[in-house]
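First up is the structure itself, then whatever we jot down about it.
The values are calculated or read from the model by the stated rules, or taken from the named source; none is laboratory data. The structure presented is a predicted model; accordingly, all values stated were derived computationally and were not measured. Positions of Cβ are generated from backbone atoms using ideal geometry, with glycine treated the same way; all protein chains shown enter the neighbour counts. Note: areas computed on protein heavy atoms with side chains; ligands, DNA, RNA excluded. Shrake-Rupley method; radii C 1.70, N 1.55, O 1.52, S 1.80 Å.
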Amino acid sequence: MSEHTKPYEDRMKKTISVLEDEFATIRVGRANPKVLDRLTVDYYGSDVPISQVGNISVPEPRTLMIAPWEANMLKEVERAIQASDLGLNPTNDGKVIRLNFPELTEDRRKQLSKDVKKKGEESKVAIRNLRREAMEAFKKAEKKSEVTEDDLKNMEKEIQDITDKYVAELDKRVEAKSKEIMTV
């Protein structure tokens, strides 16, 4: 990898990492504390993630338990979950909040799978845009005589190879997540 292509490859890696983070928040029927990562609560005037105001555990495969460190945070956490797009109904026993994850319907699984594919396509577009950006930068450098025509050809081939590698990686991850969602 040359110093010309490294910044673009780093950004492509970041694109995949962002996609993985998005995939982690998709609910697939099992309790996964990551679904709460995007939710914040008001903690003395600051918005903080739920994970920073209490313990989150998985006592059963389809149940998440949130035990806030301060009793006054129970209502805040409950409100944040109800206001979210998770579609979960929290139960509050005065000490902890339980979230029960119902079995996903076939239609919901298909919809989630479509969403995963859409996010994958958006990430591919981002990677291809990075390739285009790199190609333009390489051509400008050649026009300014900063690199030779041979160097330009080599850099173009290298960025295309890197792009192909990351697009294939994205396809693999989308396929794995879709399979996970469709598995009953």
Expressed as a whole-number percentage, the relative contact order of the chain with C-alpha contacts under 8 angstrom and at least six residues apart is 23
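Distances longer than 21 Å among the Cα atoms of the range 92-184: what percent of all pairs is that?
Working: 2398 of 4278 pairs.
Pairs farther apart than 21 Å: 56 percent.
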For the range 1-52 and the range 109-175, distance of Cα centres in Å: 21
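How much of the accessible area of the chain, probe 1.4 Å, is carbon plus sulfur, in whole percent? Kindly include the intermediate steps, with their values, before the conclusion.
Numbers: 5430 of 10950 Å².
That share works out to 50 percent.
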Helix 149-182 axis, angle to the chain major axis (alpha carbon atoms, nearest 10°): 20
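Using a 1.4 Å probe, what is the accessible area per residue for the range 1-80, in Å²? Write out the running numbers ahead of the final one.
On the way: 4370 Å² over 80 residues.
The answer is 55 Å² per residue.
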What aspartates and glutamates sit close enough to Lys95 to cross-link, taking a C-alpha to C-alpha distance under 20 Å and skipping anything fewer than 8 places away on the same chain? Asp42, Glu60, Glu70, Glu76, Glu78
Give me the 1.4 Å probe accessible area per residue for the range 85-181, excluding ligands and nucleic acids, in Å². 63
Candidate lysines for bridging to Lys114, where Cα separation is under 21 Å - those fewer than 8 sequence places away on the same chain excluded: Lys34, Lys124, Lys172, Lys177, Lys179
Which of the three applies to the range 68-116, rounded, prolate or oblate, going by the alpha-carbon gyration tensor with a ≥ b ≥ c and a/c under 1.5 meaning rounded? prolate
Positive minus negative residues near Asp150 (Lys, Arg vs Asp, Glu; Cβ under 13 Å): -3
Select from Ala134, Tyr43, Gln82 the residue farthest towards the positive end of the dipole of the chain; place +1 on Cβ of Lys and Arg, -1 on Cβ of Asp and Glu, and compute about the Cα centre. Gln82
Using only the Cα atoms of the chain, each taken as one equal point scatterer with no solvent, compute I(q) by the Debye sum, divide by I(0), and report log10 of the ratio at q = 0.09 Å⁻¹. -0.49
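Based on the Kirkwood radius over alpha-carbon pairs, what is the Stokes-Einstein translational diffusion coefficient of the range 1-103 at 20 °C with 1.002 mPa s viscosity, in µm²/s?
Working: Rh = 15.2 Å.
Value of D from the Cα-based Kirkwood radius: 141 µm²/s.
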At a Cα cut-off below 23 Å, give the lysines reachable from Lys140, other chains included and same-chain residues fewer than 8 away excluded. Lys6, Lys153, Lys157
Here FRET efficiency (C-beta to C-beta, Lys157 to Lys118, R₀ 22 Å, nearest 0.05) is 0.10
To test your reading of the geometry: what angle, between 0 and 90 degrees and rounded to tens, separates the Cα axis of helix 6-24 from the longest principal axis of the chain? 20
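Using +1 on the beta carbon of Lys and Arg, -1 on that of Asp and Glu, and nothing else charged, what's the dipole of the chain about the Cα centre, debye to 20? Provide the component values of the computation, followed by the final result.
On the way: 35 positive and 36 negative charges, 97 e Å.
My answer is approximately 460 debye.
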Once the dipole of the chain is set up with Lys and Arg at +1 and Asp and Glu at -1 on Cβ about the Cα centre, which of Leu152, Met73, Ser2 lies farthest towards its positive end? Met73
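Averaging over all projection directions, find the projected area of the Cα convex hull of the range 1-61 and quote it in nm² with one decimal place. The partial results should precede the final answer.
Numbers: hull surface 26.5 nm².
The Cα convex hull of the range 1-61, projected and averaged over all directions, gives 6.6 nm².
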